Amino acid sequence: MLWPHPKKPSRQSSLSGYVCQRSKTRRKSGTEDWNRRFWASRESLRMEPHADVPLLPGEERVTDKDLIYMCPFIGAVKGKVFITNYRLFFKSTDMDPAVTFNVPLGAISRIEKMGGASSRGENSYGLDITCKDMRNLRFALKQEGHSRRDIFEILFRYAFPLSHGMPLFAFLSQEKFEENGWCVYSPMQEFRRQGLPNDKWRITFLNQQYELCDTYPTILMVPYKATEEDLRKVATFRSRCRIPVLSWIHPDNQAVITRCSQPLVGMSGKRNKDDERYLDIIRETNGTTSKLTIYDARPNVNAVANKATGGGYEGEDAYQNAELVFLDIHNIHVMRESLKKLKDIVYPNVEESHWLSSLESTHWLEHIKLVLSGAIQVADKISSGNSVVVHCSDGWDRTAQLTSLAMLMLDSHYRTLRGFQVLLEKEWISFGHKFASRIGHGDKNHADADRSPIFVQFIDCVWQMTKQFPTAFEFNEQLLVTVLDHLYSCRFGTFLYNCESVRDANEVRTKTISLWSLINSGQVSYINPFYAAESSRVLYPVASMRHLELWVTYYIRWNPRIRQQQQSPVEQRYKELLALRDQYLKKLEELQLSDSTPHLPNSSTPSPASPTQRVTHLHTPF
C-alpha cells in the first residue's frame, strides 16, 4: 500500500491486554449511558491475538470484526477488519494472495449505517465510510442481532476523538526518528538567509505573546520606519488584526512580497490614515516601486460583497500610490464543491466515454489555473522590481497559496527538500492557515462549512510545476503524496490546529512528532533523481488549460487499473537501483564486521588486505 512502512512494534505493546471476552449477557437498548455501552461493546467483540496487523509504537489494537468488504473493483471480499487507535486495517480470509488495505482513522470524514434490519438483498446491511483522501469504503455484515452497532460505535469514537473528549493519535504516538523535524524551520534563520533585517526592514517582537494578532507568528518582519504604535493602529483596520508583514525579499532589487488581510472599509467606506501611510512606507522600502501593487485574490464582486460584513478593499482614492488587481480566485465553498464533483467522476470508476466533459464540469483545473496565474503575476511583478501586497479576506487561504507559489517560482531554495519544508512551515503553518477547520481533524461534523481543500489545491499547483520543470525540484511526487496523506492522518503534529498560538497552548512541539522527522530520516524515498540545482532561475509555469493535467496518481490512485498504467519505468528503475545499492551497503557492513574479529595471536603469515582496505577505492554512482 501507499502508507509509510511502520517500525516493528514491541511484542508487549502489540499483544498485551487486547484479548477481549465475549459478553455473556445482552445489553439493554436505548436508556443505558453511552459510555457504558461503548466499553461494553469493546468486550462484546472478540479480539484475535495473532492477527497480522502492523502497529506503530503507541498504536493499540481496539477490536476486530468478521465482515465483507464491498470492493468496487473486484466485488465482495470476505475478511476481517481490525480497528486500532490509529487505523482501520482490512485483511481478506478467502483469497490468495490476501487483499489488505489500511486507512488512517484521521482520513475518515463520515461513517453511516447502510440499510436496516428489514433490508432485502445480499450485502445490503452494513457501513458506508467516506474518506477525505478520494476513496469510500463499504462493509456488509449479517443482519441479525444488531451486528453492526458495536463496530459502528467504536469506529465512530476513534475516528472522531475530539468529538468524544479523546486525544488525537499524534499525542499518543511513541515513534522515534533519527531527525527532529521541529528543528527544520527557524524564523530567525530564514530571515537571515534572505539578508534580513537590513536598513529598510526590522524584526518586531510585538506579537511575542500573540497580543497583536493571535493567528500570526510571534516574530514578524516590518518596515524599519514603522513604529510599534503604528503597527497597533494598522491592526485595528485589518481583518483579524492581520497587518501587512514581509514574507520574502528579492536579493537583488529588494522588492518584497508582503501579506495581510482585507481592510475594514465597510459599507460606509471608512478610511484609516495609519494604514494608508503604512502601505506607503512599504512602497518606499524599494526605490524602484512607483506604485505598490495590491493583489486581492478575490473576484471583484466578492470583495464588494465583503463590505456588507465590514470588510472590503483598498480604494484608489484612499491609496493613491497603489494599484489594485483582483485575481478572481473563488472562495473556500466553491473549492469544496469542485473537489466533491471531481471525486464523483474518479471514484470508484472513471467514466471514460464522457471523461473530458465530466472533468471540465468540475472546474477543478480551472481553479488550479487561476491560482497559478495569480502567483505568476506576483512573481513577475517582483522580478521587475516592484513590491506587492497580497491578501484575500482573512489572509490565511488564497493568500497563502499565492505567496508560497510565487516564492517557489522566485527562490530555488524552496525547491529543495528542506527548503520546501521551510516554505510550508513559514507561509502555511506559522501564518495561520486554518488546518483544523479546513480538514476537520478528529471532528465528526463532516458537513462543517469551514471544510475546504485549499492546501490540497496548493500541493496540486506544486505538482503541476514539477511536471513542467522536471529537473528544477529536489523532491519528487512521493513527497507531495506523503504530505497530503499526513495532512489527514493525525499521526504527526505538523498540521494540527489552526494557528501557532493554539499549537503552543496544546504543546504540540513537545508532545507530538513532526512529519519532517519521518521525511528527513528517510530522504532517499523523496529525492528526484533528475534534479539539477540552478540558484538564480525563476520558474514561470504555463497556466493554460492546454498545459495543465489532472493529477491522476493522486486523485485516481485507488483504482488498481489506473495505478498500473501510471507506473513510470524510469522511476521504477531508479527504485530498483536504490534497492541494489542498499544490498551492496549491507554486504559491505557484513565484510567490515567479519574483518573486525580478532586474528589468532600465533599467526606468523602476513594477512592480506582487509575487506575494508579492498573496498576503500570503490566508488558507486549513487
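Structure notes:
- Of note, TYR185 does not satisfy the criterion of being surrounded by 13 or more Cβ atoms within 10 Å (Cβ to Cβ) and closer than 26 Å to GLU229 by Cα.
- Of the residues making up the range 371-406, those that are open to solvent by less than 10 Å² (accessible area, probe 1.4 Å), within 25 Å of PHE475 (Cα to Cα) and among the hydroxyl-bearing types (Ser, Thr, Tyr) are THR399, THR403, SER404.
- So TYR158, is it farther than 25 Å from ILE513 by Cβ and either at pLDDT below 95 or of a type outside the set (Val, Ile, Thr) (or both): no
- Conditions (1) within 17 Å of the chain's Cα centre (by Cα); (2) assigned to a helix (DSSP H, G or I); (3) touching a residue at least 40 places away in the same chain (Cβ under 8 Å); number of the one not met by ASP450: (2)
- Residues satisfying the stated conditions in the range 248-284, i.e. among the polar types (S, T, N, Q) and more than 30 Å from the chain's Cα centre (by Cα): ASN253, GLN254, SER268, ASN272
- Residue list for the range 139-167, restricted to those being open to solvent by 10 Å² or more (accessible area, probe 1.4 Å) and among the hydrophobic types (A, V, I, L, M, F, W, C): LEU141, PHE152, PHE156, LEU162, MET166
- Of the helices (runs of 4 or more DSSP H) entirely within the range 552-622, those holding at least 3 residues that are modelled with pLDDT of 65 or more occupy 552-555, 560-565, 569-595.
- Any chance VAL265 is open to solvent by 10 Å² or more (accessible area, probe 1.4 Å) and either closer than 28 Å to ALA297 by Cα or out of contact with any Leu (no Cβ under 7 Å at 6 or more places or on another chain) (or both): yes
- Residue ID - farthest from ALA235 (Cα to Cα), chosen from residues in the range 357-370 that are open to solvent by less than 30 Å² (accessible area, probe 1.4 Å) and touching a Leu at 6+ places or on another chain (Cβ under 8 Å): LEU359
- Count of the range 109-138 residues, restricted to those that are over 22 Å from the mean Cα position of the chain (by Cα) and open to solvent by 60 Å² or more (accessible area, probe 1.4 Å), is 7.
- Any chance LEU484 is farther than 19 Å from ALA400 by Cα and within 17 Å of the chain's Cα centre (by Cα): no
- Enumeration of residues in the range 269-302 that are open to solvent by 60 Å² or more (accessible area, probe 1.4 Å), of a type in the set (S, T, N, Q) and at pLDDT 95 or above: ASN300
- Of all residues in the range 162-174, those that are under 15 Å from SER514 (Cβ atoms) have Cβ atoms under 6 Å from Cβ atoms of residues that are charged (D, E, K, R) and open to solvent by 50 Å² or more (accessible area, probe 1.4 Å), 6 or more apart or on another chain, in PHE171/LYS511.
- Checked against the criterion of being at positive phi, over 25 Å from the mean Cα position of the chain (by Cα) and not polar (S, T, N, Q), the candidates GLY310, GLY315, GLY287 yield just one match: GLY310.
- Residue tally, condition in contact with an Asp or Glu (Cβ under 9 Å, 6 or more places away or on another chain) and of a type in the set (A, V, I, L, M, F, W, C), over the range 232-263: 5
- When the range 331-356 is filtered for residues that are modelled with pLDDT of 95 or more and either open to solvent by less than 70 Å² (accessible area, probe 1.4 Å) or touching a Gly at 6+ places or on another chain (Cβ under 9 Å) (or both), the ones remaining, listed by number, are ASN331, ILE332, VAL334, MET335, ARG336, SER338, LEU339, LEU342, LYS343.
- Residues that are of a type in the set (Asp, Glu) and either open to solvent by less than 60 Å² (accessible area, probe 1.4 Å) or touching a Gly at 6+ places or on another chain (Cβ under 9 Å) (or both) within the range 493-512 comprise just one, GLU500.
- Residue count, the range 431-459 (criterion: surrounded by fewer than 20 Cβ atoms within 10 Å (Cβ to Cβ) and polar (S, T, N, Q)): 2
- Residue check for LEU162: over 16 Å from VAL62 (Cβ atoms) and part of a loop (DSSP other than H, G, I, E, B): no
- Hits in the range 407-430 (condition: open to solvent by less than 10 Å² (accessible area, probe 1.4 Å) and either basic (Lys, Arg) or not in a helix (DSSP H, G or I) (or both)): ARG415, LYS426
- At least 1 residues being touching a Cys at 6+ places or on another chain (Cβ under 8 Å), within 20 Å of LYS426 (Cα to Cα) and of a type outside the set (Phe, Trp, Tyr) is the threshold, and among the strands (runs of 3 or more DSSP E) wholly inside the range 183-272 those reaching it are 245-249.
- Verdict on ASP328 being within 23 Å of MET221 (Cα to Cα), in contact (Cβ under 8 Å) with a residue 24 or more places away in the chain and charged (D, E, K, R): no
- Of the candidates LEU155, LEU162, LEU137, the single residue that is under 17 Å from LYS511 (Cα atoms) and of a type outside the set (Phe, Trp, Tyr) is LEU162.
- Residue in the range 469-476 that is under 17 Å from the mean Cα position of the chain (by Cα) and either more than 19 Å from GLU175 (Cβ to Cβ) or buried (at least 21 other Cβ atoms within 10 Å of the Cβ) (or both) present: yes
The values are calculated or read from the model by the stated rules, or taken from the named source; none is laboratory data. All of these numbers come straight from a predicted model, not from anything done at the bench. Backbone-built Cβ (ideal geometry, glycine too); neighbour counts: all protein chains shown. The protein model used for the area step is the full one, side chains on, heavy atoms only, and it has no ligands, DNA or RNA in it. Shrake-Rupley method; radii C 1.70, N 1.55, O 1.52, S 1.80 Å.
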